[in-house]
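Visitor: Just dropping this structure here.
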Amino acid sequence: MDRKPGLSVRLKLTLSYAGFVMVAGALLLAAVGLFLLYYQRLGLETMPVVMSPPGRVLIRGFAPSAIAVLIFLLVFGLAGGWVLAGRMLAPLTRVTDATRLAADGSLSHRIRLPGRKDEFRELADAFDTMLAQLEAHVTAQQRFAANASHELRTPLAVTRTLLEVARKDPTRDAGELVDRLYAVNTRAIDLTEALLVLSRADQRSFARERVDLSLTAEEAAETLLPLAEERGVTIETSGETTPTLGSPALLQQLTTNLVHNAIVHNLPGAGTVWATTAVRPGSVVLTVENTGEPLPPQLVSTLVEPFRRGTERIRTTDHTGVGLGLAIVHSITQAHGGTLTLAPRDGGGLHVTVRLPICVARRPR
């Protein structure tokens, strides 16, 4: 939230304390002045003489008034300090209330503290930002859990149906049943492994090593070459050495997912996939693009959501995967402190850019 600059809380408290001291001092000096003026008008001869030196007589006469003024200042200081502290700490009360609501599960509440910028307003704005991010994360996790449950339930339901049909019809061809069960089981295993990779990337529980993205791109192209040849797709890799720091397994998974996605969502029989790497100031870049059908920008922005493939949810059991390819790429990229950019390619297809921090080799001493 943009705010106009204002006085800091520390300066406000400093000015408040200084103001109270000035008021207390002014009241004390005023009391002394009134006392002196009062006895100057009456004259010392009218004062009750209990001690011979006039100075002690004056002090004895001033003592009751001084005690009364001190008692008044004490009460005034306590009351004023209590009110002042309440006004100064009121923003913290709102933050505390919002924290209790968040602890009870209400993440939609926002503090929205008014006023100019100071430490309390910055705290409230930071807390609002945290709540917004946490709410988005929880919503995404709930949506992901619902989608994962649906996707895992599908192969189990298909398996049960096939087994029930086989039990009711013993004469049915067992070979066909085994083949279908094998395909359904393979898809369930692929989905489970993808979910585990996604969870591992989200938790960032991995050791970091020096990885060259150009080598991972070449290895992904070699691994997926049979699939590309089967679909009539050409893979072209190029670029320079692009060192970064991260998990070799996860970065290999990232590159493989991108190339696999570019192959299966391509023009059948006449498609091309380009995988290139480059070094930029402070970062390394992996770019994967492919030919294909034109994609509207509003659709491209949703492709990193789990279980999304084009405009339809995953419903097939072929090489199109389980709908977690780009979601895994997005999570791995974030876990490595990078950014993922998706854009429609001119002429059809998708242009994907992964930007990761560069790993600078240390010079030997």
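Visitor: For the pair E135 and A270, what calculated FRET efficiency results from E = 1/(1 + (r/R0)^6), where r is the Cβ-Cβ distance and R0 = 35 Å, to the nearest 0.05?
Guide: Values: r = 46 Å, r/R0 = 1.31.
Plugging the Cβ-Cβ distance into 1/(1 + (r/R0)^6) gives 0.15.
Visitor: While we're here: Within the set of other residues whose C-beta is less than 14 Å from the C-beta of E222, count the net charge using Lys and Arg as +1 and Asp and Glu as -1.
Guide: So the environment of E222 carries a net charge of -4.
Visitor: So what's the net charge close to R345: Lys and Arg +1, Asp and Glu -1, counting the other residues with Cβ under 11 Å from its Cβ?
Guide: With Lys, Arg at +1 and Asp, Glu at -1, the net is -3.
Visitor: Here's something else I'd like to know. If packing is taken as the average count of other Cβ atoms within 10 Å, what order do 85-94, 212-221 fall into, highest mean first? Walk me through the intermediate numbers first.
Guide: Values: 85-94: 12.7, 212-221: 20.9.
With the highest mean Cβ count within 10 Å placed first, the list reads 212-221, 85-94.
Visitor: Let me ask you something else. Under a 1.4 Å probe, what is the accessible area of the range 208-265 per residue, stated in Å²?
Guide: About 46 Å² of surface per residue is accessible.
Visitor: Next question, about the same structure. How would the range 162-290 be classified by its alpha-carbon gyration tensor: rounded, prolate or oblate, with rounded meaning a/c under 1.5 and the a/b versus b/c comparison settling the rest?
Guide: oblate
Visitor: Can you order the peptides 160-171, 97-108 by their average number of other Cβ atoms within 10 Å per residue, highest first?
Guide: 97-108, 160-171
Visitor: Identify, among T234, L254, N266, the residue whose Cα sits farthest towards the positive end of the charge dipole of the range 207-275, taking +1 on the Cβ of Lys and Arg and -1 on the Cβ of Asp and Glu, with the dipole about the Cα centre.
Guide: Most positive-ward Cα: L254.
The values are calculated or read from the model by the stated rules, or taken from the named source; none is laboratory data. Since the structure is predicted, the reported quantities are computational estimates derived from the model, not experimental observations. Glycine gets a Cβ as well: all are built from the backbone with ideal geometry, and neighbour counts include every protein chain shown. Accessible surface areas use protein heavy atoms only, side chains included; no ligands, DNA or RNA. Shrake-Rupley method; radii C 1.70, N 1.55, O 1.52, S 1.80 Å.
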